[in-house]
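Following: one structure in structure tokens, then a few remarks.
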Amino acid sequence: MSVSKFGWQWLCLFGALLTLGCGEKDSQPTQPIATPADQQGTGSDVAEDGALFSSQEAHSSAAGHFTAKIVWEDGPKVGYCSLKVILADGERKAPTTSELVNFEPWMTVHGHGGSLRKMTVAKVDGEDSAYRADQFYLTMSGPWDLKITAKVNGQEDTAVIPVEVP
Amino acid sequence: MAINIYRALGALLVVAGLMTADSATACPCGCGAVNAQVMYPGENWRFALTVSHDSGFAPVSADGRLGSESSPTSRQTLTLGIARSFSDSLSATISLPMEINHHPDAASHGGFSDPSLSLRYSLLQQTIAEPLLPGLQLFATLKPSLAKSLYDQPIHEYQMDIHGNGLNEGVAGLDVWYDLSEWKLGVQQNLILPMTRINEGSAGTSQAFTPGLGAKLAVSAGYNWIGAGQLLGIIEQELRQPNKISGKEIPRSRVRVNNFGVAATVAAGPRRSIGINLKRTAAFGSNQNTTRADSIAIFYMAAI
């Protein structure tokens, strides 16, 4: 069966109309959702210009006082997860002082968190501004926000990193 | 197995249940509240007992993808309640579900789920003399959040001690039905009214979380073997507007749930019946931000 020239045009128009009619009507989040591939980085953690990580890997805090990179060691998944948080100043350079004040996974879309009963947060040996959050439990698949509160160079601030749990 | 006792309803409970074996906690992040039992003229009390088994829990994301099976992996629910009519037009129902959660890697945990109080008022009664005149009833339900939910820390890893959805809910609705001798047709429209709850984060921060306004439409149709029993098919769709945090909409949090169920009832004596309900939540079409679950329920009802 051959499709005439005008038949193809109607087909294309119909397909375009179908595409316009579908899809989520809600506003989309403007921040890209971090995937494990993004967060692992490629090769060394030291990026150009003496920064601790590349701008692609960096997540800025709300007031810009620090940037953070997360490296998944186990996850993201439904179940026990583990990751490393690397803190830097607002320009991704090694901070003079740093402290991870709080780490909390939160499912904003539903308004609840995960299970933190067995979670430990500790400084990583041999790495100046790296902390490991271990054994936090993500209770279901879907979009989560990792809320990281840190004090970097004397300034406390919070970064929210979205992550999709498969 | 730990059982929590509620002071408010202990004296009122005898034996009762739900007209439809809705599993109110099948979706841990919030579902519509249950409805009042339908009472017929001449009935003073209605009691029922429902035992249901829910399984196959799997979250459905905002873009309709089915996620990993969530915890618990199965649940049994015993629902007790009692309905009392105050007149031929007005009745009230109290319902109390109790459930046991199961997971292969954790000890089972039992507890009371959220109770509910419902009122039903008949605007029109169906009569044999006017078969084309439908039955028309208004109903309203209040479900307080009493049982532990995912919003209450500490959360057990497998959520075994979660027996409530964490939300105070109000439901108002309209029931229209036709009993045209052997054939039955019904339409129910609910409005699910959101109530804000304050969620506490681990760092002492709190946020006001408000579920979106919801609407649920249920259409049922079936056949009635007069004096013997009936078979009903039910299709439901529930829609909810986006949730809000401190008044600000959360992106991608609209809810859409399409449910399908079948209910069979058999007469077990004068004003007594037994039956079975099969239901799948998020059964067909496009679903968003919900949980798929399969439910089988057996119920016994008696009216005096």
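The values are calculated or read from the model by the stated rules, or taken from the named source; none is laboratory data. This one's a predicted model, so the numbers in the text were calculated from it and none came from an experiment. For neighbour counting, all protein chains shown are included, and Cβ atoms are generated from backbone atoms with ideal geometry for every residue, glycine included.
Of everything in segment B:238-254, what is assigned to a strand (DSSP E or B) and either modelled with pLDDT of 95 or more or under 16 Å from the mean Cα position of the chain (by Cα) (or both)? Give them in sequence order.
B:Glu238, B:Leu239, B:Arg240
Tally up the residues in segment A:54-105 that are among the aromatic types (Phe, Trp, Tyr) and more than 20 Å from A:Thr120 (Cβ to Cβ), please.
Residues meeting the conditions: 1.
Only residues that are within 30 Å of A:Lys147 (Cα to Cα) and of a type in the set (Phe, Trp, Tyr): list them for segment B:207-249, please.
Selection gives B:Phe209 alone.
Condition first: among the β-branched types (Val, Ile, Thr), within 14 Å of chain B (Cβ to nearest Cβ) and surrounded by fewer than 18 Cβ atoms within 10 Å (Cβ to Cβ). Now tell me which residues in segment A:96-115 satisfy that.
A:Val101
Tell me, which strands (runs of 3 or more DSSP E) wholly within segment A:80-166 include 2 or more residues that are in contact (Cβ under 8 Å) with a residue 40 or more places away in the chain?
In segment A:80-166, the matching strands (runs of 3 or more DSSP E) lie at A:98-107, A:130-138, A:142-152, A:155-165.
Quick one: which of B:Ser206, B:Ser253 is among the hydroxyl-bearing types (Ser, Thr, Tyr) and surrounded by 17 or more Cβ atoms within 10 Å (Cβ to Cβ)?
Within the list B:Ser206, B:Ser253, the selection yields B:Ser253.
Applying the selection to segment B:61-79, what residues are under 19 Å from the mean Cα position of the chain (by Cα) and under 24 Å from B:Val262 (Cβ atoms)?
Result: B:Ser74, B:Arg75, B:Gln76, B:Thr77, B:Leu78, B:Thr79.
For a quick check of your reading: which strands (runs of 3 or more DSSP E) sit entirely within segment B:170-223 and have at least 1 residues that are within 11 Å of another protein chain (Cβ to nearest Cβ)?
Counting at least 1 such residues, we get B:197-200, B:206-210.
Regarding A:Glu164, is this residue touching a strand residue (DSSP E or B) at 6+ places or on another chain (Cβ under 8 Å), within 12 Å of another protein chain (Cβ to nearest Cβ) and closer than 18 Å to A:Asp89 by Cα?
no
Would it be correct to say that B:Ala16 is under 21 Å from B:Phe260 (Cα atoms), surrounded by 17 or more Cβ atoms within 10 Å (Cβ to Cβ) and at pLDDT below 90?
Considered against the rule, which asks whether it is under 21 Å from B:Phe260 (Cα atoms), surrounded by 17 or more Cβ atoms within 10 Å (Cβ to Cβ) and at pLDDT below 90, B:Ala16 comes out as no.
Looking at (1) more than 24 Å from B:Asp161 (Cβ to Cβ); (2) more than 10 Å from every other protein chain (Cβ to nearest Cβ), which is the one condition that is false for A:Gly75?
(1)
Residues A:Lys118, A:Lys84, A:Lys123, A:Lys93: which one is surrounded by fewer than 20 Cβ atoms within 10 Å (Cβ to Cβ), modelled with pLDDT of 90 or more and either under 30 Å from B:Thr73 (Cα atoms) or hydroxyl-bearing (Ser, Thr, Tyr) (or both)?
Answer to the selection: A:Lys118.
Looking at B:Ser286, B:Ser246, B:Ser273, B:Ser253, can you tell me which residue is of a type in the set (Ser, Thr, Tyr), more than 14 Å from chain A (Cβ to nearest Cβ) and touching a residue at least 24 places away in the same chain (Cβ under 8 Å)?
B:Ser273
Which residues, counting only those in segment B:109-134, are touching a Ser or Thr at 6+ places or on another chain (Cβ under 8 Å) and of a type in the set (Gly, Ala, Ser)?
B:Ser113, B:Ser116, B:Ser118, B:Ser122
B:His102 fails exactly one of the following numbered conditions: (1) assigned to a strand (DSSP E or B); (2) more than 26 Å from B:Glu169 (Cβ to Cβ). What is the number of that condition?
(2)
Would you confirm whether or not segment B:187-194 contains a residue that is over 30 Å from B:Thr127 (Cα atoms), modelled with pLDDT of 90 or more and within 23 Å of the chain's Cα centre (by Cα)?
Yes: one or more hits.
Could you tell me which of the residues B:Pro144, B:Pro154, B:Pro134 is surrounded by fewer than 18 Cβ atoms within 10 Å (Cβ to Cβ) and over 20 Å from the mean Cα position of the chain (by Cα)?
B:Pro154
Residue check, B:Ile235 against (1) part of a strand (DSSP E or B); (2) within 11 Å of chain A (Cβ to nearest Cβ); (3) of a type outside the set (Lys, Arg), all met but one. Which one?
The single condition B:Ile235 does not satisfy is (2).
Which one of B:Gly285, B:Gly214, B:Gly222, B:Gly261 is in contact with a strand residue (DSSP E or B) (Cβ under 9 Å, 6 or more places away or on another chain) and within 14 Å of B:Ser61 (Cα to Cα)?
From the options B:Gly285, B:Gly214, B:Gly222, B:Gly261, the qualifying one is B:Gly285.
From the list B:Ser70, B:Ser91, exactly one residue is in a loop (DSSP other than H, G, I, E, B) and surrounded by 21 or more Cβ atoms within 10 Å (Cβ to Cβ). Which is it?
B:Ser70
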